[in-house]
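The values are calculated or read from the model by the stated rules, or taken from the named source; none is laboratory data. In this text the structure is predicted, and so the values were computed from the model without any measurement. Using ideal geometry, Cβ is built from the backbone for each residue, glycine included, and neighbour counts are taken over all protein chains shown. For accessibility, only protein heavy atoms count, side chains too; no ligands or nucleic acids. Shrake-Rupley method; radii C 1.70, N 1.55, O 1.52, S 1.80 Å.
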Amino acid sequence: MKSQILPFFLSLFLFSGSFSLAQPKISVGLGLGLYEPTLSGFDENSDVLFPTGNMLNRNFLFNWAVYYEFFSNARLGYNSYSSFEVGKLDLINSKAVYRRTIIYRMFPLETYFRWKPRIELNFTLTPIWGRGRIFVDTTPGDKSEDWNQLINSFGDSNPVSDLGATDAMTNDWIGFSGMIGIRYYLSTRIGLDMKMGFMDNSYKNEKWRLQKKEVTGPKMKIDELPLFSFKVFYGFK
Amino acid sequence: MRQFTSTVLFFVFLFGQESMVDRPNPCEDPLLNLAEKKGIKAIPIKDIPRFRKLMKACEDKGGYKVIEKIVHKDWQRDYKKAKIMASFTPTFSVIVFLVMIYYFIGLGLATN
């Protein structure tokens, strides 16, 4: 059944491509965001040394978006800003691989007008569904024994001695954002979009979850943040 | 399923091979007519490469003004459609603008 899914979607794509008379009013964008959060739970943590913060993992947000123009001067869409960090933690028992992601998922309503044939001004309000995740490789005590018991039953004898496992702690929060932007169209399909605005997140560090258990996470100041973004848009409309 | 996919692909490529050779004037191609009447963005994605080739072929045959007219009309169509806000959109834009002003004034006062 799985092997039929890909040909099915391929056929669907080809058929829809063959019979459609015009494109849906869809545009997609790729770009970068810039903001300045205070991640004191990581940067000022004296018990565990986290990887050093830099522009890439603190201030830059990787951004992609897709919009549908439902009215002559308005679009609805999905806009995702992601911050990543990867490194090693110097823990007492091991040097664990650590990953941290913060994703701001936005569902914007954007209105716009063309000031000049090539220049558009746009206005965006959006709710935010934020999600933070921290992944750490750990080495639970009985892990290799359990695996060895299983593998021994297949005929091998104690092949593994040191195994790790990855768990993640997660936090979800809501927020909202407002932005004003300017878009310059290079052609009738391609545009450069710059936005400035703010976002406000109701993040609480006591609300993290690890294996369904509520735990305390890092302190982060991500409310009332100015936000800038730069995107390249391609319109299919 | 493989045979079905192969058949579909065969027909797609077969129709995709529609040659421009038997059309003496690329500027009169239905695709260029569609772009002129309904706009460049009305062209299906699968026909975009062929449309680009047609534009170039038309320009090479001296139809520079035809292409220029298509592009100009497309810009004007987009501009006319979006230059005046309608319905709820101006109200929404004013609200966004006021929220922004309120936020940045608040930020300025809090910083001081």
_Restricting to region B:54-95, give me the number of residues that are aliphatic (A, V, I, L, M) and touching a strand residue (DSSP E or B) at 6+ places or on another chain (Cβ under 9 Å)._
6
*Might you let me know whether region A:166-175 holds any residue that is under 24 Å from residue A:59 (Cβ atoms), within 14 Å of chain B (Cβ to nearest Cβ), surrounded by 14 or more Cβ atoms within 10 Å (Cβ to Cβ) and not β-branched (Val, Ile, Thr)?*
yes
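On the given criteria, is residue A:222 touching a Lys or Arg at 6+ places or on another chain (Cβ under 6 Å), surrounded by 15 or more Cβ atoms within 10 Å (Cβ to Cβ) and of a type in the set (A, V, I, L, M)?
Here the answer is no, as residue A:222 does not meet what is asked.
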_Which listed residue, of A:66, A:48, is outside any helix (DSSP H, G or I), open to solvent by 20 Å² or more (accessible area, probe 1.4 Å) and either modelled with pLDDT of 85 or more or at the interface with chain B (Cβ under 10 Å from one of its Cβ atoms) (or both)_ = A:66
*asked:* Cβ-Cβ distance below 6 Å, separation of 6 or more or different chains: which pairs start in region B:86-110 with a residue that is more than 8 Å from chain A (Cβ to nearest Cβ) and end on one that is open to solvent by 70 Å² or more (accessible area, probe 1.4 Å)?
replied: none
_Close pairs from region A:212-237: first in contact (Cβ under 8 Å) with a residue 40 or more places away in the chain and within 30 Å of residue B:45 (Cβ to Cβ), partner crowded, with 19+ Cβ neighbours inside 10 Å and of a type in the set (Asp, Glu), Cβ under 9 Å, at least 6 apart_ = A:229/A:193; A:230/A:193; A:231/A:193; A:232/A:193; A:233/A:193; A:235/A:69; A:237/A:69
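Looking at region B:34-53, is at least one residue in contact with a strand residue (DSSP E or B) (Cβ under 6 Å, 6 or more places away or on another chain), within 13 Å of chain A (Cβ to nearest Cβ), open to solvent by less than 70 Å² (accessible area, probe 1.4 Å) and modelled with pLDDT of 85 or more?
No: zero hits.
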*Within region A:146-237, strands (runs of 3 or more DSSP E) holding 1 or more residues that are at pLDDT 90 or above*: A:165-185, A:190-201, A:208-210, A:225-235
*May I ask you to list the residues in region A:118-141 that are surrounded by 18 or more Cβ atoms within 10 Å (Cβ to Cβ), of a type outside the set (Val, Ile, Thr) and touching a Phe, Trp or Tyr at 6+ places or on another chain (Cβ under 6 Å)?*
A:120, A:122, A:130
